[in-house]
Amino acid sequence: MVRTMAYYKSDRSDMVEFLPETYHHVLEIGCAEGAFSSYLNSGAELWGVEMNSSVAEVARHKMHQVLAGAYMDVADLLPDYYFDLIICNDVIEHMPDCDDFLDAIRLKIAAGGYLVGSVPNVRYYRNMWSLVVGKDWKYEDSGILDRTHQRFFTEKSLNRTLCEHGFQVLKLRGICSNLLVCTNKGSLGYLRMAMFGVLSLISLGFFWDMQYLRFGFLTRLSNQ
């Protein structure tokens, strides 16, 4: 599948709140053009991995080291137990085997280091409407049903997966709420927000996670 260049330009400012305060050696997997590096602590050593070689070339102007290729193909070129912060923004769901990936990434994390990332929310209300009401599950070029996604997550399954691979979840919450954006679109946006509020109240919060496009997380190895 051919990606447009706009796909690689997002700065992912929504993930800044998940960054720890202190870190010195950073590895961003799926770094795209390196836009997120502008939010990282000045003075930190920045490494990146990016599959698209031409996009990786752009990132090299913003980061200290960038490897072009799939993570599992270039992992041996990365130092073990070196990075005190590894970033995986919308990466895990693309891995052919996310379990192998999460096991492998542990070898690159220094003592006391963090793993930060995000994944799409398969329970997002528009996706569930298409499935339950529209009886459809249509893969697309981007979004939750990106045709390159190999794994789908809910908040519960993401938390379980991280814990099963030895990560202590310090923060995990929904980001990119479409409802909050919709409040800038007049009465319809406020109506959607109100409906979700009522539904959440009646269900004791059971459906509240469906407003979020993604979940962001901050973790560290549980044995550290």
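The values are calculated or read from the model by the stated rules, or taken from the named source; none is laboratory data. Bear in mind that the values here come from a model prediction, so they are computed numbers and not experimental data. FYI the Cβ positions are ideal-geometry reconstructions off the backbone, even for glycines, and counts take in every protein chain you see. We work out accessible area using only protein heavy atoms, side chains counted, and drop any ligands, DNA or RNA first. Shrake-Rupley method; radii C 1.70, N 1.55, O 1.52, S 1.80 Å.
Miscellaneous remarks
- The range 57-92: number of residues that are in contact with a Lys or Arg (Cβ under 6 Å, 6 or more places away or on another chain) and under 20 Å from Ala35 (Cβ atoms): 3
- Ile202 passes every criterion in (1) touching a helix residue (DSSP H, G or I) at 6+ places or on another chain (Cβ under 6 Å); (2) modelled with pLDDT of 70 or more; (3) of a type in the set (Val, Ile, Thr) apart from (1).
- The range 130-149: number of residues that are within 18 Å of Val91 (Cβ to Cβ) and free of Cβ contacts under 8 Å to residues at least 60 places away in the same chain: 4
- Residue in the range 39-50 that is touching a strand residue (DSSP E or B) at 6+ places or on another chain (Cβ under 9 Å), closer than 18 Å to Ala110 by Cβ, in a loop (DSSP other than H, G, I, E, B) and of a type in the set (S, T, N, Q) present: yes
- Scanning the range 1-54 for residues that are closer than 11 Å to Ile87 by Cβ and at pLDDT below 95 returns a single hit, Arg12.
- Pairs where the first residue, in the range 52-80, is on the phi > 0 side of the Ramachandran plot and the second is open to solvent by 10 Å² or more (accessible area, probe 1.4 Å) and outside any helix (DSSP H, G or I), C-beta under 8 Å, 6+ apart: Gly69/Met51
- Residue, farthest from Val16 (Cα to Cα), within the range 109-147, restricted to residues that are among the small types (Gly, Ala, Ser) and touching a helix residue (DSSP H, G or I) at 6+ places or on another chain (Cβ under 9 Å): Ser142
- Candidate set: the range 123-169, residues that are among the acidic types (Asp, Glu) and either assigned to a loop (DSSP other than H, G, I, E, B) or out of contact with any strand residue (DSSP E or B) (no Cβ under 7 Å at 6 or more places or on another chain) (or both); chosen: the one most open to solvent (accessible area, probe 1.4 Å): Glu164
- Within the range 88-131, being among the β-branched types (Val, Ile, Thr) and in contact with a Phe, Trp or Tyr (Cβ under 7 Å, 6 or more places away or on another chain) holds for Ile92, Ile109, Val116, Val119, Val122.
- Complete set of residues in the range 7-41 that are in contact with a Gly (Cβ under 8 Å, 6 or more places away or on another chain) and open to solvent by 50 Å² or more (accessible area, probe 1.4 Å): Glu17, His24
- If the condition is being surrounded by fewer than 19 Cβ atoms within 10 Å (Cβ to Cβ), aliphatic (A, V, I, L, M) and not in a strand (DSSP E or B), then the range 81-121 contributes Ala104, Leu107.
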